[in-house]
Amino acid sequence: MKKAASFLTKDNFKNMALQMAVLGVIFYGCHGLLTNTQANLEARNIASGFGFLSLESGMPISNSLLPYTPADTYGYAFFMGIINTVFVSVIGIILSTVLGVTIGVARVSSNWLVSKLAEIYVEVLRNIPLLLTLFFTYTIVLAALPVPRKSLTPLAGIFLNNRGIYLPRPVFEPGMIAVMIALLVGIIGAMVILGMAKRIHDNTGRVIPGASLGLVVVVGLPLAVFFMAGAPVTMEHAVLKGFNFRGGLVIRPEFSALMMGIILYTAAFIGENVRSGIQSVDPGQINASKALGLSQGLIMRRIVLPQALRVIIPATTNDYASLVKNSSLAVAIGYPDMVSVGGTIIGQNDQAIEIIAMWMGVYMTINLLISFVMNWLNSRVQLIGR
Amino acid sequence: MYLKKIVVFLCVSFLALGSTGLASTLEDVKARGVLNCGISEGVPGFSIPDSSGRWVGFDVDMARAVAAAVLKDGEKIKFVSLASKQKIVAVSSGQVDLTSRTTTWTLKRDAKQGVDFTTIVFYDGQGFMIPKSMGVTSAKDLDGASVCVTAGTTSELNVADFARANNIKFEIVVFDGKKEALNAYASGRCDVFTTDISQLASLRSTLAKPQDHLILPEVLSKEPLSPLVRHGDNQWKDIVTWVINGLIAAEEHGITKANVLEIKATSKNPVVQRMLGKSGDTGSYLGLDKDWMVRAIQTVGNYGEIYQRHFGPDTRLNIPRGINNLWTKGGQHYALPIR
Ligand SMILES: N[C@@H](CCC(=O)N[C@@H](CS)C(=O)NCC(=O)O)C(=O)O
């Protein structure tokens, strides 16, 4: 009751009125903006709405993960762009994390040379604009590799040239289904084993090698089924035909260069997060662990990492988000990400507002997903009072 | 980075907001005292800055003629370099008053994309450039080849059409900028570089060893190149159309940069007198003064002179006039009557 009464004080009322007024002005402005835009677009005979997405695009896309031809629609073309953006982001996040952690650990290494090299790496890559790094990696990729006729073959069936990296493509036969099921069963089995190992450890203190046992199940079971089914997979090899290789699995130079650039760049930032995370752990704790006779690995896993992660994760969430946004620089080196494809669609239809809205929607969704996952991870590593 | 793009596009859309649909480009340009003109990112012959940073070229001269007619000074132009992808949006949004930049007149651009084309300044067609060492002599033998092309062009679409129509497969690698596309071709990423044939000749001259590259005989498409203006301002469209048409008419009548004043003073031909503002009132119909055409010709010369200056035998490009000659000499240029 007291609350409700105080709610209607004079000050509060004035505040509310003011906020309403501001809101009103904003709405009025937006409304004016919208109607004016509409009128101007009409005056120039530019359509609005998303109808154009169902028209035939006619535009080629060189790197598409799903089958695509210029006879497909603008909507589908844009979807290819989204898939490419997501693909680049996922691979980029995984690999830049691996490299970043390595760099970060190297920076706090007691080996002078190792830590110095890591420092130079960070300083150089962090301070060069990513766009330049991309031009550099693309130039290197193209210059370092030979023409198709003189391809390098590091392993039989693998070809490296300035049109891409050609790998044998596995073609699955029906028997593969059984293998997939075995893999699934293996994963579930491993989880059960891990759970049991933990329970036994918690109850009795006995250490069961759950991880190794689980691994045996995950790998062993599908492998056994695979051979029992008579290895139901054939390899389609790339062959040189005319100017280029045909068939097989190809990784285009634009993709390789983009990945290299993005990973090298982002890893520098992640490396710094890892370093500051590790350095945030009180050295006294490490000394104490050593005094207790814990092994290096155990100290890292049980003492340092759990605390360091609390510093590392929030900062790295930002770097992941930047990575996703930075992937739009792909456009400069001919990789058809969502921004590149969308830009071409704008150029052909002048429906910039629609495409921009789509870009924003996709980037926002991806980045919200990332922060959702990272926040969950973060909550897992917070100190839990017992 | 995508943020920057979004901001740019938002600005462009706000520009569209700022100018109401009915504003007169002519009044805007006169009040500003400067013509904003979209131009390429640098294609020798068509438009490229010279050693002192001044834009020169065939497309540049077309724009200077318009500035001379409207603002009485061919130098009162601000050139805005546009990538292929931006060239239409920049006009429809009002960022530039005019784009004079190797742009093909197509139905969709004209009718759907908020721009109007004016008049054809160059009849072009798309072609393929390949390294001579490839040993190929026809485009039909290019099955399986990698093709580098610039985004947002008709070239990008035509090459995909060509592959579909001839049932051959290309790996088409699309770059945002022409420079990056050409670099990729030069470094061996692609077997083929494709764009309008005249531009192939021009861009080939910028490669390290031009003689090592071959332009294949096939013409994939028709590329009628025309300057473009915003849709919906008929007066402004008329001005650009008739100034350029006047340059072609001047060639038909033998009026040149050097003799235009003399001809104006002495010619007894009523057609010429009307064109040069000695009689009649053609300028006022366009919202200009009597001397609009005299100034345009004084500034850049007639169509033939412009062509010779940038593509003629004395230039590095040496593109034969062919279809771009006057209709009386076996070409396509046919000036409309100025009366
Ligand atoms: N005529 C074609 C293509 C014209 C064109 O300008 N193509 C490329 C050349 S590859 C380009 O961007 N050139 C000039 C430049 O901006 O530097 C069209 O209108 O789409």
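Every number here is computed from the coordinates shown, using simple stated rules; none is lab data. Just so it is clear, the structure is predicted and the values come from calculations on it, not from any experiment. Cβ atoms come from the backbone with ideal geometry, glycine included; neighbour counts cover every protein chain shown.
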Could you go through region B:236-248 in sequence order and give the Karplus-derived ³J(HN,Hα) for each residue, using 6.51 cos²θ - 1.76 cosθ + 1.60 with θ = phi - 60°, rounded to whole Hz, and x for Gly and Pro?
-> 5, 4, 4, 4, 4, 4, 7, 5, 5, 4, x, 5, 6
Of the listed pairs B:K87/B:K178; B:K85/B:K112; B:K169/B:K222; B:K78/B:K264, which have alpha-carbon separations greater than 20 Å here?
-> B:K169/B:K222; B:K78/B:K264
For the pair B:I168 and A:A143, how long in nm is the line joining their label points, each one 7 Å along Cα→Cβ?
-> 3.2
Report the local net charge at A:S289: Lys and Arg +1, Asp and Glu -1, summed over other residues whose C-beta lies under 15 Å from its C-beta.
-> +2
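Given region B:124-222, report the % of alpha carbon pairs whose separation exceeds 17 Å. Let's see the in-between values first.
Working: 2065 of 4851 pairs.
Considering region B:124-222, 43 percent of its Cα-Cα pairs are separated by more than 17 Å.
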When you have a sec, figure out the Kirkwood radius of chain B from all distinct Cα pair distances and drop it here in Å to one decimal?
-> 21.0
For peptide B:148-160, the mean count of other chain Cβ atoms within 10 Å per residue Cβ is 4
Of B:Y334, A:I299, B:G188, which is farthest on the positive side of the dipole of the protein assembly as shown, counting Cα position, with +1 on Lys and Arg Cβ, -1 on Asp and Glu Cβ, and the Cα centre as origin?
-> A:I299
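At a Förster radius of 30 Å, what calculated FRET efficiency corresponds to the Cβ-Cβ distance of B:I323 and B:Y285, to the nearest 0.05? Show your work: numbers first, answer last.
Values: r = 31 Å, r/R0 = 1.03.
Computed FRET efficiency for B:I323 and B:Y285 comes out at 0.45.
When ranked by the protection proxy of mean other Cβ atoms within 10 Å per residue, highest first, what sequence do the peptides A:149-158, A:231-240, B:112-121, B:163-172 form?
Values: A:149-158: 11.4, A:231-240: 14.7, B:112-121: 23.3, B:163-172: 16.4.
Result, highest mean first: B:112-121, B:163-172, A:231-240, A:149-158.
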Rotationally averaged projected area of region B:253-338 (alpha carbon convex hull; nm²) | 6.2
Ignore the peptide's own chain and count Cβ atoms of other chains within 10 Å of each Cβ in B:180-186; give me the average, rounded.
-> 3
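Summarise the partner chain shielding of B:166-179 as one whole number: the mean count of Cβ atoms from other chains within 10 Å of each residue's Cβ. The partial results should precede the final answer.
On the way: counts 0, 0, 0, 3, 3, 9, 5, 12, 13, 8, 9, 3, 0, 0.
Across the residues of B:166-179, the mean count of other-chain Cβ atoms within 10 Å is 5.
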If the label point sits 7 Å along Cα→Cβ of A:S379, residues of region A:301-331 with amide N under 16 Å come out as A:314
Contact order normalised by residue count of chain A, Cα under 8 Å, 6+ apart, percent = 22
Packing-ranked peptide list from B:271-278, A:276-283, highest mean Cβ count within 10 angstrom first, is B:271-278, A:276-283
FRET efficiency, 1/(1 + (r/R0)^6) with R0 56 Å, evaluated for A:L152 and A:T365 via beta carbons = 0.90
The convex hull of the Cα atoms of region A:145-281, divided by residue count, gives a volume in Å³ per residue of 174
Estimated distance in nm for a label pair at A:N15 and B:Q332, the labels positioned 7 Å out from Cα along Cα-to-Cβ | 7.1
If you line up the Cα atoms of chain A on their principal axes, what length do they span on each, largest first, in Å?
-> 80, 73, 48
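Can you tell me the relative contact order of region B:124-222? Whole percent, Cα pairs under 8 Å, sequence separation 6 or more. The partial results should precede the final answer.
Details: 176 pairs, mean separation 48.4, N = 99.
Reported as a whole number, the value is 49 percent.
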Those helices of chain A passing the 24 Å axial Cα length cut-off and the mean Kyte-Doolittle cut-off of -0.5 (DSSP H runs only) are A:10-43, A:74-107, A:176-204, A:210-228, A:253-279, A:305-326, A:352-381
Hey, how many Å between the Cα centroid of region A:122-151 and the Cα centroid of region B:311-330?
-> 42
Over region B:168-244, what is the mean sequence separation of C-alpha contacts under 8 Å (at least six apart), divided by residue count, expressed as relative contact order in percent?
-> 15
Quick one: which residues, 5 or more positions from B:L214 or on another chain, have an amide H under 5 Å from its amide H? H modelled 1.01 Å from N in the peptide plane, none for Pro or chain starts.
-> B:I130, B:K132
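Can you pull the Rg over Rh of the protein assembly as shown, Cα-only, Kirkwood?
With Rg and the Kirkwood Rh in hand, the quotient comes to 1.07.
How do A:47-56, A:362-371, A:9-18 rank on mean C-beta neighbours within 10 Å, highest first?
A:362-371, A:47-56, A:9-18
If each DSSP helix of 4+ residues adds -39,500 (n - 2.57) and the sum is divided by the residues in chain B, what number results at 222 nm, nearest 500 deg cm²/dmol? Please list the in-between numbers first.
Details: 14 runs with 135 residues, N = 339.
Using -39500 (n - 2.57) per qualifying helix, the result is -11500 deg cm²/dmol.
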Under a 5 Å amide H to amide H cut-off, with H placed in plane at 1.01 Å, what residues pair with B:L35 once short-range neighbours are removed?
-> B:I77, B:K78
Just from its helices, what would the mean residue ellipticity at 222 nm be for chain A, if runs of 4 or more DSSP H residues each count -39500 (n - 2.57) and the sum is divided by every residue, rounded to the nearest 500 deg cm²/dmol?
-> -22500 deg cm²/dmol
